[in-house]
Structures are given as structure tokens and as C-alpha cells.
Amino acid sequence: MKIDSQERKIHRERPCLKALFTVLCLGMMCFLVMWSCVGKEKEKQPPYSLLFQNYAKLYNSTNSFTSPDDDVLEISSEESPTNSFYSEFGISSERYSSLQKTLYWAGPDRSVTDVSMSTSPAHSTYIIQNLKDSYQIGEEIYVTIHARDFNNDSKPYGGDFFQAKLFYSKKASVFGEVMDLLNGSYSVRFLLPWVGPAQVAVRLIHSSEGVLVLKHHRDTDSDRVFFNGYFEGPGPNGTRLKEIVKCNVKWDKNGLERVGKGDCCCEYKDSRTGEEWRCQKPKSLPCSARVYHSMGGYIKRMTAKEAKFMQQTNKVINGPKSPINILPSNESARIDVREKCRPGLHTPVPAGFYLNDVWTSFVCKIRHFTPETTTQCLKDKHIYMMGDSTMRQWFEFLLKAVPSLKQMNLHVQYQAGPLIAVDVGNNIDLHWRAHGVPLRCRKTEVANLHYISNEIEDLAGGPHTVIVFNLGPHFATYPLDFFTHRVLRIRKAVVDLLQRAPATTVIIKTVNTAYKDLFGSDWYSLQLDKILRWAFQDVGVYILDVWQMTACHYNKENIHPGPVIIKNAMDIFLSFICPE
């Protein structure tokens, strides 16, 4: 009887024990989930789905900025493309995951209820770690940035976008690498590459809260930049009908549906790239009557609260003003790059430095070209330049650098091209054309706007062919997967070209710093630049870094860099073509 009674007691208590065990397990699981979402310093790698899904899930539980006046920024959710999305380009899930990790950007881990909680450039400071009386050339120094809000409280999370440089007047400068420590502090590493004094300069480009505004509009509001489509066709009694409508990329939500219901649009699909362009349907003309393209305009949809978060942009951070003293070193410690320029070289940080307006590269040994040596380098070359107006600057530079190059009048709209110049005596032909839509330009013929991948596919290549291209600002307002898709198509075209003509020289010009607003921020450009580098890291092309060259120069930043920067970038470009 004792045994039966004991068994009955155990039987009665067993459900309670199971329930208690279940509660404990659930509690432990909730604790682990909460711990993983807080964004501790040691947890620096994001979950696989963060890049293209809802950014705000990482940052706060409410998915919004809240304020007493109910001016709320809702952070939308966007589905992550599956790996099959990129399978046609030979991109594995592991490779795709590495891109997401590269693009990961930290941010607020709590609801931001007032602008006073955002990063204040006036209260944020930097210090130089273990500052000494003097240093030797080739040494490194480390700077720590402490971000504070407008209440002068330390920020407990990362995500601020800082840029830093070391400089001396207008004589020397070098870019500094900023690392987010994810706790409101940031570490900057500087190389000391010249002899003489040097000072640190740090700028807050965007607060972490401002970056959230940029992310939100990039992923949900791509039609804030719109384009015009011009339709022309015969009308009654020998007249000519003309209509202008809005156009944009067909990619997820581009906004054209907001102004039209049902069958809203004319759609134009490129048979080779598969990319689609949309225009609202004209009232009286067919879709086939589209003749011209141009920039349309900008739509400002920022709320009053968002505008306040974006006000503290490109502001100087306070720190020590006393110059650092850099002394000569022994011969063995000299900074000197002797490696011959070749495809596939890594771009270090810093990639080089300015001294008396001359850039010394740390990538490979750079030559400095005269008009004579430039002509000699380009002799018997077919040079194809494709991209935006910053690439057109290179075309214009070579026209001046090689006096024997003569531009032909192709009777096209100059801003979009195509442009061509020839030097018959030296057998040089130089081409430039804008990349395909989206393109912010003056009214130009649609037929002249070609996708870069199509252009590359149509080239035979070979030892006399040089291809250089860039992509950047015109794609800043679109979701990252749209830009990635465009880049991977170009990558496939380049890979195919190098397989059939491995002696072809292919050069990629990176984006440069310039804009700081909702329509073209440096933060957008930095993300695009990372995608471009990720896509071509193993292809065997030259990467020409102009990001650091524009970020650390004393010239006021401009989407079109000044002559000094262009000259130094062209020396690198020509050194890639003619390394000896």
C-alpha cells in the first residue's frame, strides 16, 4: 500500500513538474532572445535577414520614432530576396550572407522620443589616445570619439556616421578609418605618413537617428526622385502631338501607382538585362511613342521630426587642437610602395595620402604623367568610359591632357552623351557614355541611354581595350537590392569578357564623397561603394579608390571633384594601364 500511495503522489506531481520545467525553459529562451537583441558589444554580426528586412526590429520595439506631437516615422518591413534571386549570377548563399554582414549598420536600441536624444555634434568630443610629444613617420595613432546627445548624456549605442582625417593646412592629409564600438564610442586609426605637424579633424556626417531616416526613405520612398518621359507622335491635320509623363524604375514600390489606378503604366523591359522602366500612360499617344528622357524633380516627404534629425549634418566635432609632431625615421621605416600595379590588388585604409597636392598611393607604385607620357600610354588604345558625370570629368581631362585628341560632334545632348574623341596619328579613340536609367540628366534621346552590361557584352576586348566605369549617386534613392542586381549584371558581363579576352584592362572607379541630404547622402554612397567592391573583389579588375581621395582633401566636397583630385586620380588610372 505504501508503494502504491507513493506512486500516486509522484503521478499527481508529475504534471506540475512538467509545467514548471516548461516555464523555466520558456523563460530562459526569452532571456536569450532579449539578450541577443540588445546589441551588446560582443555581438557584432547581424542575423542573416537584417539587411533587406525591417531595420527597426534591431533598433527598437516600436518600429518608430515617437513624439508628443504624434510626428511618427514608421519603419517599413521589406522582404529579403531569396538566394535564387542571385543564383543566375553564380552567387552562393554564403557569398550573399557576407554582403549582408558588410552592409550591416548599427543603430538605436531603443525608441527615440525626442530630438534631444539624438547625437549632438556640439557635445560630442574626441581624444587622442596616449598622446606623446612626438612620433616618427610610419607610426600610428588612435583617436576615440565619444558621442553625446543634446542633454550632454553619453550615447549608449552606435550607428553614427563619422568621417575623420589627419591634415596639415593645405599641404598634407590622410584618411582615417572609423570603427563603431557599438556603445556610443568610436575608434579612429591614423597612419602618420609625412614629416611635420599634423592635426586631427572629425565630422559628424549623420547621427544614428539621421541614418534611420535615410534608411526609411531609401527602402520605402524611392520615387522621391522622379523622371520625365516625353512622348511624340503624329496628330490631326499634320500636327505633332507631345505629352510629358512621370517615369521611374519598376522595382518593388516606385510610386507610379499612387497617381494611377488599374492599368497605370507603359512598361519597357530590356530584353538582355531584364530590367524594366515604367512611365505613366499618355492620354492620347501609344507607349511606343516614347522618345526622350530627363530628370523630373524631387518630392520632399520628410516629416518635421525627420527634418530635425537631419539638421545636425556634416558638423565638426570638438577635440585637441594642438598639432602632432611627426619626425623623420630611419631608412628601413620609410613609407614607400614599390609593387607594380596589377588587377586584384587590395585597397588598404589609408589608400594613400596627399603631400603638396600630390597623392602617394599605398596600393601600388604610381607614375605622374605629363601630356607626352599620357599620349604615349594611350597610344593604340580603345578607351571606353561609362558611368555618370564624374566619369565624364575624366573624358574631359584627357581631352586637355592629350592635345592631339579631337572630339567629334555627334549631335547629342552633351550631358548624357555618347561622346567620342579620336587621335588618328596615335591610333587612340576615347568614348564616354552615361549609364542607363535611372539617370538624372537634361532632355536626351532614350535610344542613347544604354545599360553598361549590354555595352560590355558588345565589346570584343583584348590587349588594346581599356574599360572604366562607375555607378553611384543616381542609384542612391533606391533599395540596395536594386543596385546589387544592376552591379551583378555588370559583373557577369565583365567575367564573360575576361574569359574571352583576358588581356582586356577593366577599371572600376569608386564613388566619391559629396552630398549630405536625403536625395544623395554620403551614407548612401558608402553603402553602394561596399556593394561594388564586394561584387568585383575576385574578378581580376582594378579598383580605383576615389572615396578616400575626396574625403580627406582640403577642397570643399563636391559631386564633381576639383582639378587637383582629378589629376591625381588620372595618374592612378594611367598607372593601371601603363604600370612601367
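The values are calculated or read from the model by the stated rules, or taken from the named source; none is laboratory data. Just so it is clear, the model here is predicted, and its values are computed rather than measured. Backbone-built Cβ (ideal geometry, glycine too); neighbour counts: all protein chains shown. For the accessible areas, the whole protein counts, side chains as well, though only heavy atoms, and no ligand, DNA or RNA atoms are used. Shrake-Rupley method; radii C 1.70, N 1.55, O 1.52, S 1.80 Å.
Below are the figures for this structure:
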quantity	calculated
Count of residues meeting criterion [surrounded by 16 or more Cβ atoms within 10 Å (Cβ to Cβ), of a type outside the set (Val, Ile, Thr) and more than 16 Å from Phe227 (Cβ to Cβ)] in segment 400-417	3
Residues of segment 350-365 satisfying the condition of being in a loop (DSSP other than H, G, I, E, B), at negative phi and out of contact with any Phe, Trp or Tyr (no Cβ under 7 Å at 6 or more places or on another chain)	Phe362, Val363, Cys364, Lys365
Failed criterion for Gly436 (all others in (1) touching a strand residue (DSSP E or B) at 6+ places or on another chain (Cβ under 8 Å); (2) open to solvent by less than 20 Å² (accessible area, probe 1.4 Å); (3) not acidic (Asp, Glu) hold)	(1)
Cβ-Cβ under 8 Å pairs, at least 6 apart or on other chains, segment 537-556 side of a type in the set (S, T, N, Q), far side open to solvent by 30 Å² or more (accessible area, probe 1.4 Å) and in a helix (DSSP H, G or I)	Asn555/Val564
Selection count, segment 418-433, where residues are within 22 Å of Phe483 (Cβ to Cβ) and either open to solvent by 10 Å² or more (accessible area, probe 1.4 Å) or assigned to a loop (DSSP other than H, G, I, E, B) (or both)	1
Residue within segment 131-151 that is over 17 Å from Gln312 (Cβ atoms) and free of Cβ contacts under 8 Å to residues at least 24 places away in the same chain present	yes
The listed residue being assigned to a strand (DSSP E or B) and either among the small types (Gly, Ala, Ser) or open to solvent by less than 30 Å² (accessible area, probe 1.4 Å) (or both), out of Leu182, Leu166	Leu166
Selection from segment 305-349 of residues that are in a loop (DSSP other than H, G, I, E, B) and touching a helix residue (DSSP H, G or I) at 6+ places or on another chain (Cβ under 8 Å)	Gln312, Thr313, Cys341, Thr347, Val349
Among (1) farther than 16 Å from Leu471 by Cα; (2) assigned to a loop (DSSP other than H, G, I, E, B); (3) more than 15 Å from the chain's Cα centre (by Cα), the one test that Ile572 misses	(2)
Selection status of Asp357, acidic (Asp, Glu) and at pLDDT 95 or above	yes
Test result for Ser76, out of contact with any helix residue (DSSP H, G or I) (no Cβ under 6 Å at 6 or more places or on another chain), modelled with pLDDT under 95 and of a type in the set (Gly, Ala, Ser)	no
Count of residues meeting criterion [in contact with a His (Cβ under 9 Å, 6 or more places away or on another chain) and not in a loop (DSSP other than H, G, I, E, B)] in segment 506-537	2
Qualifying residue in segment 533-553 (condition: open to solvent by less than 10 Å² (accessible area, probe 1.4 Å), under 22 Å from Met295 (Cβ atoms) and either of a type in the set (S, T, N, Q) or modelled with pLDDT of 95 or more (or both))	no
Enumeration of residues in segment 461-520 that are among the acidic types (Asp, Glu) and closer than 26 Å to Arg301 by Cα	Asp481, Asp517
Members of segment 441-473 that are in a loop (DSSP other than H, G, I, E, B), surrounded by fewer than 23 Cβ atoms within 10 Å (Cβ to Cβ), touching a residue at least 40 places away in the same chain (Cβ under 8 Å) and within 25 Å of the chain's Cα centre (by Cα)	Cys441, Arg442, Leu449, Tyr451
